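Just so you know, all these numbers are worked out from the coordinates, no wet-lab data involved. The model shown is predicted, which means the values in this text are computed figures rather than measured ones. Here Cβ is always computed from backbone atoms with ideal geometry, including for glycine, and neighbour counts include all displayed protein chains.
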Amino acid sequence: MDKNIDILKEKLYRENNLGHDELKALIDTNMKSLDEEIFNLARQTKEQYYGKAVYFRGLMEFSNYCRNNCYYCGIRKGNLNIRRYRLTAKDILDSCKIGHRLGFRTFVLQSGDDPYFTDDKIVEIVDMIKNRYPDAAVTLSIGERDYASYRRFWEAGTDRYLLRHETANKAHYNRLHPESMSFQRRKKCLYKLKDIGFQVGAGFMVGSPYQTVDNMVEDLLFLKELEPHMVGIGPFIPHKDTVFKDKEGGDVNITLLMLALVRLLLPKVLLPSTTALGTIDPLGREKGLMAGANVVMPNLSPKNFRADYSLYDNKIATGLEAAEGIDDLRERIESMGLKADMSRGDHVDM
Ligand code: SAM
């Protein structure tokens with residue numbers, strides 16, 4: 001390995017910062033030949049703040065209706081080939097009950113941008129969950145709303161909010177989304193969420209169509225500037241009923257590299273090893289944990305709806321990915337020398 005690259009790695013590890021050209025050089029070098037040491041440094045960094053813990057979150061995908069038409073996403077409004085579903089408040093509470101019994105102390109409620117779930121309905125659901133399970137954290141991931149709505153969700157007791165920025169480059173954003181969607185609006189939402197006080201998650205897909213190395217660097221630098229508490233990174237995977245059905249999917253190793261770089265830039269971040277990573281590689285989730293990730297999100301949705309939340313082709317939702325499989329997942333994690341942790345798993349500064 002080039003001596004300059006060693007200096008860059010050392011600087012990133014010590015100072016948790018690099019400039020655009022430096023990050024680009026590191027990525028370019030790793031794209032030619034992957035350097036395992038970067039993963040070791042990322043793991044060591046994670047352990048300074050979170051030890052061996054891997055936090056478990058129970059994921060509920062409660063509606064696949066969406067008013068948006070993102071070119072990459074299988075639940076886009078324009079896809080007429082999927083069965084749309086919405087869980088009722090009772091379904092959601094039933095899943096929480098099962099999840100709580102299994103030991104989950106974080107519930108992540110995710111959906112398309114579905115106007116049926118008005119602010120009132122979301123507040124009611126969060127309120128019910130927090131009343132019944134005051135020891136559990138609630139995370140929402142329901143897309144773009146205005147400040148007043150986010151404020152109401154916060155006042156109802158929502159602890160965290162996930163909203164991936166998708167790409168930090170405006171021109172790239174506009175190639176992934178129709179004109180009705182706005183790069184500025186999405187970024188503003190993230191700042192609003194932070195301002196209100198949520199633990200906020202941003203993130204992006206690796207290998208999304210037209211993404212360049214410069215775009216990935218811009219993503220990393222945007223994350224460094226925003227300083228979110230969580231970052232969701234997974235490979236882009238094509239879906240057969242989308243504009244991007246014939247595009248190539250993202251690469252496992254580059255995804256792992258992005259996880260490691262995010263860990264090194266934001267040492268205290270909560271970083272999931274994502275379902276998408278586990279979908280393109282049977283050992284993807286484990287590799288993610290070895291590259292600095294420290295969160296897993298097994299699926300707690302009722303089984304008969306899981307296949308319909310089809311963001312991309314062949315999405316896994318059974319076996320280790322399912323909440324019913326947590327004993328196996330826990331065993332796998334422990335066999336890697338890590339510690340399965342079912343507690344709320346808040347960001348270390350919160
Ligand atoms: N509607 C909410 C939002 O916009 O944040 C949450 C649901 S959205 C479907 C969740 C995430 O799925 C997106 O932020 C996107 O990064 C990811 N996603 C969608 N389509 C994907 C694909 N084809 N491959 C990989 N990830 C995808």
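Give, rounded to the nearest 20 debye, the magnitude of the charge dipole that the chain has about its Cα centre when Lys and Arg contribute +1 at Cβ and Asp and Glu contribute -1 at Cβ.
Values: 51 positive and 50 negative charges, 167 e Å.
Charge dipole, the chain, about its Cα centre: 800 debye, nearest 20.
Taking amide H positions as modeled 1.01 Å from N, with prolines and chain starts lacking one, the residues under 5 Å from K339 and 5 or more places away or on another chain are A53, V54.
Under the 0.36 nm per residue contour assumption, what length would be gained going from the current alpha-carbon distance of Q184 and K77 to full extension? It would help to have the intermediate numbers written out before the result.
Values: separation 107, 0.36 × 107 = 38.52 nm, distance 2.14 nm.
Full-extension gain reported as 36.4 nm.
Mind running the shape call on the range 1-46? Use the C-alpha gyration tensor, a ≥ b ≥ c as the square roots of the eigenvalues: rounded below 1.5 for a/c, prolate if a/b tops b/c, oblate otherwise. List each step's numbers first, then the result.
Values: a/c = 1.69, a/b = 1.16, b/c = 1.46.
Verdict is oblate for the range 1-46.
Seen from all directions on average, the range 78-226 presents a Cα convex hull projection of 10.2 nm².
Taking the beta-carbon count within 10 Å as an exposure proxy, list V231, V243, V296, V138 from fewest neighbours to most.
Working: V231 29, V243 18, V296 26, V138 22.
Ordered by Cβ neighbours within 10 Å, fewest first: V243, V138, V296, V231.
Each of L102, L176, A156 was scored by the projection of its Cα onto the charge dipole of the range 90-219, and the greatest displacement toward the positive side belongs to L102; charges sit on the C-beta of Lys, Arg, Asp and Glu. Within the chain, the cysteines lacking any other cysteine Cβ closer than 4.7 Å to their own Cβ are C66, C96, C189.
Lys and Arg at +1, Asp and Glu at -1: add these up for the other residues within a Cβ distance under 15 Å of I333 and post the number.
Numbers: positive: R43, K46, K52, R57, R285, K287, R330, R332, K339; negative: E47, E286, E321, D327, D328, E331, E334, D341.
Local net charge: +1.
Size of the dipole of the range 123-256 about the Cα centre, Lys and Arg at +1 and Asp and Glu at -1 on the beta carbon, nothing else charged, in debye to 20? Let's see the in-between values first.
Values: 19 positive and 19 negative charges, 56 e Å.
Roughly 280 debye for the range 123-256.
Taking K and R as +1 and D and E as -1, what net charge do the other residues with C-beta under 13 Å from the C-beta of F305 add up to? Intermediate results must be reported in sequence, preceding the final value.
Details: positive: R83, R84, R86, K303, R306, K315; negative: E61, D91, D94, D308.
Summing Lys and Arg as +1 and Asp and Glu as -1 gives +2.
Between amide H atoms placed 1.01 Å from N, distances below 5 Å from M230 occur with V200, G201, A202, L270, all of them 5 or more places distant or on a separate chain.
Here the range 68-142 is treated with +1 on each Lys and Arg Cβ and -1 on each Asp and Glu Cβ, and its dipole about the Cα centre works out to around 320 debye.
DSSP beta bridges fully contained in the chain are about 5 percent antiparallel.
Summing charges over all other residues whose Cβ lies under 11 Å from the Cβ of D214, with Lys and Arg as +1 and Asp and Glu as -1, gives -3.
Using equal-weight Cα scatterers in the Debye expression, the normalised intensity of the chain in log10 at q = 0.07, 0.08, 0.10, 0.13 Å⁻¹ is -0.26, -0.35, -0.56, -0.99.
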